[in-house]
Amino acid sequence: MYAPEIVAEAVVNGLMSGATYALVALGLTLVYGVLHIVNFAHGALLTCAMFAVLGLNLWLGIDPYWAILPLALIFFAFGYGLQRFIIGPSSHGEDRNTLLVTLGLSIVLENLMLAAFKSDTRSLGADTAFDVLELGPMLISRPRLIGFGVALATAALLWLLLSATDTGRAIRAVAKEKLGAQLVGIDPRHIFAVTFGIGCACLAIAACLLLPTFYVNPRVGNAFVLVAFTIVVLGGMGSIAGALVGGLFVGVVESLGGLLLGESLGQLGIFLIFILVLLVRPTGLFGARA
Amino acid sequence: MVLEIKDLRAGYGPVEVLRGLDMAVGAGEIVAVLGANGVGKTTLNKVLSGVLPLTSGSIRFDGREIARAAPDAIVDAGLIHVPEGRKIFPNMSVRENLELGSYRRGKANRRSNLERIFETFPRLRERSRQFAGTLSGGEQQMLAIGRGMMAEPRLLILDEPSLGLSPLMVEEMFALIRRLNAAGLPILLVEQNVVQSLEIASRAFILENGIFAMRGAAADMRENPELRRVYLGL
């Protein structure tokens, strides 16, 4: 067996990468919970955000961490416009149309990026990826620690927004009772767009946290979204708490799986547990029973 | 007149449900729209609150044309619709439901209005932290009305407020509607419960197949032999 320090370090590292997974999953689960659609463009949008971080760094020399706030705002606006003026109007109120529109959008975005950036894999090329802190017997990656903190802070902020502001309450109201919401004067089109915008802002933040240690190519988002889908189903479709706990859990499973089975098989554990959860508790850990 | 409807027509696709309605609600009045299931009562309410577009006709509220206005603009104007089936937010607390009632209108007085509604409905205060979906039918109806009151309505549309309530709760509901009206609030009461509605309304309209088959003072309607035969089985 492994020494306890090594296992502990794997758990801590797993928690830290899990927090970023959770952030990607948060956007997905929020959009699903409110708009009742699976956003197939989530991965492509994450890739867009990652290229944006890369571009800001290479051309303007902006540090990924300083890009968090401006990029989150830009992506919120981008997501708002996308839902309000493209996805919403083109769906004509039919969920299955929305599904196809987001799928089409992901294809368009991905190919635009392929055309613009080619299929090369790029990274920031900084040495931050190897920047570690010594914490007792453990070596902690500094960018991952920052990622962990920012992801948790973002989740807390999101929770505050949803529970303590009128806009947040309107989001929760529209999610469950659209007609009732309209009759108190909430415009669902606006709230849908705000929700989609928040989902995109989460992706922008995730991109800023990922890039210091990760690479980007026009398809990289899909790998994350596959894991994020697992998290969303694991935590319960539409559950914010579920996405957070599910994300951390999946991070730890991946990390421990990597330790026991070898790095390249780390994700195997995620999908094994995923299948188990689907068999035993199909509504997810935090999902409402049907 | 607070609300004036002229030759209102509306429907779903090619099916015309409302086939030319004229009616009005005056200041301080309770006006009842009565009729069986499926004659267009709920459609009328949806058109009035802007959720369903009309095909033709005019709706004037406080002297302003609102026939093509969006639902949020109609709420802004103070025409508040408490829908059939309550349509409260089941996943949110009673308090949050009430607070959302003032999402667009009455925001400045949110705190004092909330206190007033808790005084009117002590049960809601007791359950203010509970999820609205866990309330009983009667309590949910109180919550729906309370949520409407939070918007400081200038006219309240109540769609089937007595539906699905126990006889005792029905009595209580009608007493409440009378109390709200006594404070000066005009009410458009849309009901299947003909007897009790005619008791508290000043005027009534009988909706049949998308047109008003009868109209008049509620007191006269109560004595109308045809109405008694068709709706009361007497």
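Here, each number is a calculation from the coordinates, and none is a lab measurement. Computed from a predicted structure; not experimentally measured. Don't worry about glycine lacking a Cβ; one is built from the backbone with ideal geometry, like all the others, and counts go over all protein chains shown.
With neighbour counts taken as other beta-carbon atoms within 10 Å, the residues B:Val33, B:Val39 rank, fewest first, as B:Val39, B:Val33. Across peptide A:171-180, the mean count of Cβ atoms from other chains lying within 10 Å of each residue's own Cβ comes to 6.
Can you give the mean number of other chain Cβ atoms that lie within 10 Å of the Cβ atoms in peptide B:82-92?
On the way: counts 2, 5, 1, 2, 2, 9, 4, 11, 3, 8, 7.
Counting other chains' Cβ atoms within 10 Å and averaging over B:82-92 gives 5.
Straight-distance candidates among the lysines for linking to A:Lys176, with alpha-carbon spacing under 23 Å and chain neighbours fewer than 8 residues away dropped: B:Lys46, B:Lys87, B:Lys107. Taken over the alpha carbons of region B:90-153 as equal point scatterers, the Debye sum produces base-10 log I(q)/I(0) values at 0.15, 0.21 Å⁻¹ of -0.36, -0.71.
Dividing the convex hull volume of the Cα atoms of region A:108-202 by its residue count, what figure in Å³ per residue is obtained?
Details: hull volume 14.6 nm³, N = 95.
Convex hull volume per residue, Cα atoms: 154 Å³.
Taking 14 Å as the straight-line reach from the Cα of A:Lys118, the aspartates and glutamates in range (excluding those fewer than 8 positions away in the same chain) are A:Glu110.
Kindly provide the Kirkwood hydrodynamic radius of the protein assembly as shown in Å, to one decimal, from all pairs of distinct alpha carbon atoms. The partial results should precede the final answer.
Numbers: mean 1/r = 0.0387 Å⁻¹.
When all Cα pairs of the protein assembly as shown are included, the Kirkwood radius is 25.8 Å.
Could you tell me which of rounded, prolate or oblate describes region A:10-110, using a ≥ b ≥ c as the square roots of the eigenvalues of the alpha-carbon gyration tensor, with rounded for a/c under 1.5 and, failing that, prolate when a/b is larger than b/c and oblate otherwise? Oblate, since a/c reaches 1.5 and b/c is not below a/b. With a 10 Å cut-off around each Cβ of B:62-71, the average count of Cβ atoms from other chains is 1.
Of interest is the spacing of the C-alpha centroids, which for region B:207-232 and region B:1-72 amounts to 19 Å.
Think of it as helices only: each DSSP H run of n ≥ 4 in the protein assembly as shown is worth -39500 (n - 2.57), and spread over all residues that comes to -18000 deg cm²/dmol at 222 nm. Taking amide H atoms as placed 1.01 Å from N in the peptide plane, the amide H of B:Glu29 lies under 5 Å from those of B:Ile187, each 5 or more residues away in sequence or on another chain.
Summarising the amide proton neighbourhood of B:Gly20: residues at separation of 5 or more, or on other chains, whose placed amide H is nearer than 5 Å comprise B:Leu8, B:Arg9, B:Ala10.
The angle between the Cα long axis of helix A:266-280 and the main principal axis of chain A comes to about 50°, on a 0 to 90 degree scale. Could you tell me how many degrees, from 0 to 90 and to the nearest 10, lie between the Cα long axis of helix A:220-235 and the main elongation axis, the longest principal axis, of the Cα atoms of chain A? Orientation of helix A:220-235: about 80 degrees from the principal axis.
Divided by 2.2 N^0.38 Å, where N counts the residues, the Cα radius of gyration of chain B comes to 0.99. In order along region B:89-94, the Karplus-derived 3J(HN,Hα) couplings, from 6.51 cos²θ - 1.76 cosθ + 1.60 at θ = phi - 60°, round to 8, x, 8, 10, 5, 4 Hz, and Gly and Pro are given as x.
Cβ-Cβ distance of A:Phe130 and B:Arg64, R₀ of 51 Å, FRET efficiency by 1/(1 + (r/R0)^6): the value works out to about 0.15. Note on region B:11-118: Cα-Cα pairs beyond 24 Å make up 35% of the total pair count.
Just the Kirkwood number for chain A, please: inverse of mean 1/r across all distinct Cα pairs, in Å, one decimal. Walk me through the intermediate numbers first.
On the way: mean 1/r = 0.0515 Å⁻¹.
So the Kirkwood estimate lands at 19.4 Å.
What the Cβ-Cβ distance of B:Glu16 and B:Val195 gives, at R0 = 22 Å and to the nearest 0.05, is a FRET efficiency of 0.15. In plain terms, the bigger the Kirkwood radius, the slower the diffusion; for region A:74-233, with that radius from Cα pairs, at 37 °C and 0.692 mPa s, Stokes-Einstein puts D at 180 µm²/s.
A compact globular protein would have a Cα radius of gyration near 2.2 N^0.38 Å; the ratio found for region A:89-157 is 1.82.
Can you give the relative contact order of chain A as a percent, counting alpha carbon pairs under 8 Å and 6+ residues apart? Each step should come with its number before you reach the end.
Numbers: 482 pairs, mean separation 109.3, N = 290.
Over chain A, the number comes to 38 percent.
The residue list A:Leu183, A:Gly262, A:Ala223 was ranked by how far each Cα lies along the charge dipole of region A:172-290 toward its positive end, using unit charges on Cβ atoms, and A:Leu183 comes out on top. Over all other residues within a Cβ to Cβ distance under 12 Å of B:Ile117, the charged ones net out to +3, with Lys and Arg as +1 and Asp and Glu as -1.
Helix B:137-149 axis versus longest C-alpha principal axis of chain B: approximately 90°, rounded to the nearest ten.
Across all directions, the shadow cast by the convex hull of region B:20-78 built on its C-alpha atoms averages 4.4 square nanometres.
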